[in-house]
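The next block holds one structure in the form of structure tokens; read it before the comments.
The values are calculated or read from the model by the stated rules, or taken from the named source; none is laboratory data. Model, not experiment: these values are computed from the prediction. Neighbour counts are summed over all protein chains in view; Cβ atoms, including those assigned to glycine, are modelled from backbone coordinates with ideal geometry.
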Amino acid sequence: MIKVNLVPAEILAKAQQKQQAFQMGVIGAGVLLVIALVSAVHFMKAKRLEAQQTEKEAEFAKWQEEVKLVENLEKQAGELRTRLKVVNDLLKGRPLYAYFLTDVVKTVPSGIWIKTLNTTSGAGTVRMTAVTADAASTEQIKEWVGRMEASGRFNAVEIGAVTSPEATPKVYSFSLVGNYAVQL
């Protein structure tokens with residue numbers, strides 16, 4: 001059997017063009033629909049991320065306030081610890097000068113007159129930074145230094161220049177420095 005197409009080729013070409021245009025339109029609409037859906041998904045994702053970012057920024061700001069509060073409290077705690085340490089050091093060192101002066105008085109032989117006694121203290125020690133005194137003889141100066149060193153509480157005792165005026169009775173002026181340490 002032979003088929004004979006009696007429809008003119010122009011009409012067939014037009015019908016084929018219409019069909020191809022319709023197919024292209026459907027494909028174009030499908031592509032646009034896919035692009036629209038992908039764009040909508042990205043848009044929704046972007047909106048959700050923006051909302052999360054806003055939420056996180058608000059939470060961050062809240063935590064920043066908490067951090068500042070904690071930092072202020074830590075600073076205050078540090079200041080209080082420093083004050084407490086000073087008070088404790090003062091309380092520990094409170095009897096230090098009493099012991100120091102008692103031991104100085106015990107070691108000073110008769111015939112020595114202390115004129116000035118300058119000190120600094122810290123951590124259970126007293127540093128005699130400048131002691132000026134007068135003595136009736138150089139033997140008394142030697143005896144005083146010997147007594148201080150023998151006590152075991154004085155160390156690094158150094159005598160400065162010993163001077164003697166031409167006056168009678170002779171008085172020897174001298175200076176000394178040293179350290180005093182005691183376990184409290």
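Points worth noting:
- Checking each residue in region 130-171 for being in a strand (DSSP E or B) and out of contact with any helix residue (DSSP H, G or I) (no Cβ under 6 Å at 6 or more places or on another chain) picks out Ala130, Val131, Thr132, Ala133, Asp134, Asn155, Ala156, Glu158, Ile159, Thr163.
- Hey, Ala150 surrounded by fewer than 13 Cβ atoms within 10 Å (Cβ to Cβ), within 18 Å of Asp103 (Cβ to Cβ), at pLDDT below 85 and under 47 Å from the mean Cα position of the chain (by Cα) or not: no
- Positions within region 126-147 being among the β-branched types (Val, Ile, Thr) and surrounded by fewer than 13 Cβ atoms within 10 Å (Cβ to Cβ), in sequence order: Thr129
- Residues that are surrounded by fewer than 15 Cβ atoms within 10 Å (Cβ to Cβ) and in a strand (DSSP E or B), drawn from region 101-113: Trp113
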